[in-house]
Each structure stands twice: as structure tokens, then as C-alpha cells.
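Novice: One structure coming up, written as C-alpha cells, with questions to follow.
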Amino acid sequence: MSNKIVTLEINLEPSDNRRLASLCGPFDDNIKHLERRLGVEINHRSDLFTIVGKPHTAAAALDILKSLYVDTATVRGETPDIEPEQIHLAIKESGVLEQNTDSDLAHGKEVFVKTKKGVIKPRTPNQAQYLINMVTHDITFGIGPAGTGKTYLAVAAAVDALERQEIRRILLTRPAVEAGEKLGFLPGDLSQKVDPYLRPLYDALFEMLGFERVEKLIERNVIEVAPLAYMRGRTLNDAFIILDESQNTTVEQMKMFLTRIGFNSRAVITGDVTQIDLPRGAKSGLRHAIEVLSEVDDISFNFFQADDVVRHPVVARIVNAYEKWEAQDQKERKEFEKRRREERDAKLLEAAKAELNSQVAATKE
């Protein structure tokens, strides 16, 4: 895809100051939103709009402006306001974000996110695709063993979106399965109760933003860290939501979490299906989601392997060793179950033959 910059112009007709004010929003907030999301520059004077950017993004911005202007048509003497969710849906329907990131991969361009502490780059192709999917999909699953960067990259993408003002807050959550999600008996306030379970998320935030800034953002509720149990009944708009350790959610908890997502929000769900700590007999919400949601649009699934482990090299070898053992163990279990079925069937057959023989003998007598 071409890297050249083009300038497009459009006159929005019929010219109407009230409709133009609705389109642009207070202090041009709607125009700024489009500029941030699409990476274009939009200038306007009265009904003349000028768009500067790459050909495909500039064209998409022009089409979105035309579509949104139609939505401002006066109804019963009232001019409808353009809401942020309308802009979000218009951008999603245009498909322009998918074009941006797909072309980056196809042309071998580097994919990265920026934080105050520097640029964070993926180290494997799977990680690069994971970063792209977090931009182009409303819901992204990152599934794989420890050390593959699932949580770290999700937090980096959230921080990047916050710095770009694409979202207004970050929400981090995790099932406190070790406490059975029943936190009332633990000493201290909510923060003191759940902090130990959420420490990996805090660590990533501190590294990217610094301790003092994270504390200030938490005080202002720009960053919120809470146990999964506290998500019930909420609708989360303009947010980047991360559910960590999702293999320890129940089916009901996973459904509850996924239905909290509001307009202009993105959710990333991370987990490792080999590390389930739920009580025996309880089905993992992550496993269930993989089965149920794999064909749903706007949801991406990213599966990491031992090759994606970016910790100490021995960690990758450990993961490989466990995967090999688990595969062999599963094979032996299947063979054992097969032998048991064959033995049971043989005994049933012998019993049936014996019964038949006894009936034949009784008939002869």
C-alpha cells in the first residue's frame, strides 16, 4: 500500500450551521476523535472540509464524514447530536483499521507500541499479530504458556491507547480464584485484599508509566484495578479492559465479563488452559469461550507456543518438556481407557455367550 500523502476536499451539503456544529462536536471533539483513530488531519471552514493523510485513510475519513453528516439531518425541528458510539461504529464499519495493520504485516513493516518509557516491539510473529489484533478487533484472546508476553503486551497496548487518547481509562481485572472470589473475609480495604492477585498487572504498569504516574492515574480512576467479581452490573464505555488469568473463570463469569463491554471499548482476555485452578468438575470459562466464540466476528484468538516464550531460554525448554510430557500422558490415558473398554466389552460378550448357552441348555432339557 502506498505511503504517499493525499489531500481530499468535500463540501457537506446542504450547508447548515447547526448540523455542522453537531457533526464537529463541542470544541471539535468529534473531528479530533476521527483524527486520532484514523491518523489523518482534518481542517474545516464552514461546510468545506479538507482531509490530509494516506489515500485509504483519507478516503475512509471522507466517507465517514459524509455518513455522519447524513445522521445530523433535522428531525421534527431538532438536530441530533453525533455521539462517540456513532463515530466508533462508523470507523469499525469502514474496515480502515484492518487495512492499516494488514498492510503493515504484508509489507514487512515493524509493529510496535509506544509508552513513556520507550518503544515496545514484539519479538515473534505471533506477538506481532497479537498486537495488530488488539487494534483491529473489539475482543482479543491471548492464550498460551507463561512467558509469551500475553499480559505484558496487552498492558502495553492499553497504555498506548490511553496516551493516544483513543480511550479514557484502563481497567485491569483478574479472578481471585485462590480466595474463591469471596474477598470479604480477608483483612484490609478492597485494594489491600486484591493487590496480591493483581501484582503482575501493576508491575507492567509501573515499568511503562512509572510508579508516581500510575498512582496518580489510579487516584483519578483513569486506571482501575479490581477483581472480576466487581464487574457485575457495569457497562464499560471508552475503556481498554484486560482480563488476566482467564482460565480460572467459570463459564458464567466469562459470559458476565464479555457482556460488560460498551461503546469504543476494547477487551483483551489472557490465559493458559494448562494452568486451571478451578475446583474439580468446574468448566473453565476460557475453554468454553474458545469453543463457543471462535466463529464470531470482531473476536480474535491468538495461540502462543513455546517458541514465543521471551523469558530466560530455559523457560522455553521447560514449557516444551511439560508439553511433551502432557502429550505422552494424554496418549497413555487414551490407550488405558481403550484397553478398559475392550476388557469391559469382552466380559459383556462372555457373559452374553454364557447366558445364551444356559438358555440353549435349558431348552434342550
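Novice: Can you name the number of the only condition in (1) closer than 19 Å to LYS150 by Cβ; (2) in contact with a helix residue (DSSP H, G or I) (Cβ under 8 Å, 6 or more places away or on another chain); (3) surrounded by 15 or more Cβ atoms within 10 Å (Cβ to Cβ) that ASN264 fails?
Specialist: (1)
Novice: Of the conditions (1) without any contact (Cβ under 8 Å) to a residue 60 or more places away in the chain; (2) under 28 Å from SER265 (Cβ atoms); (3) outside any helix (DSSP H, G or I), ILE10 fails just one. Which one is it?
Specialist: All conditions pass for ILE10, except number (2).
Novice: Something else: Taking region 14-47, which residues are small (Gly, Ala, Ser) and surrounded by 17 or more Cβ atoms within 10 Å (Cβ to Cβ)?
Specialist: Keep residues of region 14-47 that are small (Gly, Ala, Ser), which gives 15, 21-22, 25, 39, 46.
Once the filter is applied, which keeps residues that are small (Gly, Ala, Ser) and surrounded by 17 or more Cβ atoms within 10 Å (Cβ to Cβ), region 14-47 yields SER22, GLY25.
Novice: Could you tell me whether region 248-260 includes any residue that is at pLDDT 90 or above, touching a Phe, Trp or Tyr at 6+ places or on another chain (Cβ under 7 Å) and under 17 Å from SER300 (Cα atoms)?
Specialist: Checked region 248-260: no residue is at pLDDT 90 or above, touching a Phe, Trp or Tyr at 6+ places or on another chain (Cβ under 7 Å) and under 17 Å from SER300 (Cα atoms).
Novice: If you scan region 235-285, which residues turn out to be outside any strand (DSSP E or B) and hydrophobic (A, V, I, L, M, F, W, C)? Steps first, answer last, please.
Specialist: First, the residues of region 235-285 that are outside any strand (DSSP E or B): 235, 237-238, 244-249, 251-260, 262-265, 272-283, 285.
Within region 235-285, VAL251, MET254, MET256, PHE257, LEU258, PHE263, VAL273, ILE276, LEU278, ALA282 meet the criteria.
Novice: Suppose we keep only residues that are in a strand (DSSP E or B) and under 10 Å from the mean Cα position of the chain (by Cα) within region 123-153. Which one would you say is surrounded by the most Cβ atoms within 10 Å (Cβ to Cβ)?
Specialist: Quick first cut of region 123-153, residues in a strand (DSSP E or B) only: 139-143.
Checking which are under 10 Å from the mean Cα position of the chain (by Cα) leaves us with 139-142.
Numbers: ILE139: 21, THR140: 25, PHE141: 25, GLY142: 28.
Taking the candidates together, the pick is GLY142.
Novice: Looking only at region 13-39, which residues are of a type in the set (Lys, Arg) and either outside any helix (DSSP H, G or I) or at pLDDT 90 or above (or both)? Write out each step before concluding.
Specialist: We begin by selecting, within region 13-39, every residue of a type in the set (Lys, Arg); these are 18-19, 32, 36-37.
Those that are of a type in the set (Lys, Arg) and either outside any helix (DSSP H, G or I) or at pLDDT 90 or above (or both): ARG18, ARG19.
Novice: Also: Conditions: (1) at pLDDT 90 or above; (2) over 26 Å from HIS33 (Cα atoms). GLU219 meets all but one. Number of the miss?
Specialist: (2)
Novice: Here's another thing I want to ask about it. With the requirement that a residue be among the aliphatic types (A, V, I, L, M) and either assigned to a helix (DSSP H, G or I) or under 15 Å from ASN11 (Cβ atoms) (or both), what does region 46-78 give you? Spell out the reasoning first.
Specialist: First, the residues of region 46-78 that are among the aliphatic types (A, V, I, L, M): 48, 51-52, 58-62, 64-65, 68, 70, 73, 75.
Matches in region 46-78: LEU48, ILE51, ALA58, ALA59, ALA60, ALA61, LEU62, ILE64, LEU65, LEU68, VAL70.
Novice: Of all residues in region 161-178, which are in contact with a Leu (Cβ under 9 Å, 6 or more places away or on another chain), farther than 18 Å from ARG220 by Cβ and part of a helix (DSSP H, G or I)?
Specialist: The one that is in contact with a Leu (Cβ under 9 Å, 6 or more places away or on another chain), farther than 18 Å from ARG220 by Cβ and part of a helix (DSSP H, G or I): VAL177.
Novice: Picking from ASP307, ASP329, which residue would you name as being modelled with pLDDT under 85, part of a helix (DSSP H, G or I) and either among the hydroxyl-bearing types (Ser, Thr, Tyr) or more than 26 Å from the chain's Cα centre (by Cα) (or both)? First the steps, then the outcome.
Specialist: Values: ASP307 fails: either among the hydroxyl-bearing types (Ser, Thr, Tyr) or more than 26 Å from the chain's Cα centre (by Cα) (or both).
None of the other options fit; the residue is ASP329.
Novice: Sticking with this structure for a sec: Specify which of the listed residues (THR79, THR74) is over 23 Å from GLY262 (Cα atoms), surrounded by 13 or more Cβ atoms within 10 Å (Cβ to Cβ) and hydroxyl-bearing (Ser, Thr, Tyr). Show your work before the answer.
Specialist: Numbers: THR74 fails: surrounded by 13 or more Cβ atoms within 10 Å (Cβ to Cβ).
After ruling out the rest, the residue left standing is THR79.
Novice: When you go through PRO175, PRO200 one by one, which is the residue that is at pLDDT 75 or above, more than 28 Å from ARG36 (Cβ to Cβ) and either assigned by TED's automatic domain parsing to the domain that holds LEU38 or crowded, with 21+ Cβ neighbours inside 10 Å (or both)? Before the answer, list the steps.
Specialist: On the way: PRO200 fails: either assigned by TED's automatic domain parsing to the domain that holds LEU38 or crowded, with 21+ Cβ neighbours inside 10 Å (or both).
The conditions single out PRO175.
Novice: Residue check: is ILE42 touching a strand residue (DSSP E or B) at 6+ places or on another chain (Cβ under 9 Å), in a strand (DSSP E or B) and aliphatic (A, V, I, L, M)?
Specialist: yes
The values are calculated or read from the model by the stated rules, or taken from the named source; none is laboratory data. Every value quoted in this text rests on a predicted model; they were computed, and no experiment measured them. Every residue, glycine as well, gets a Cβ built from its backbone with ideal geometry; the counts of neighbours run over all protein chains shown.
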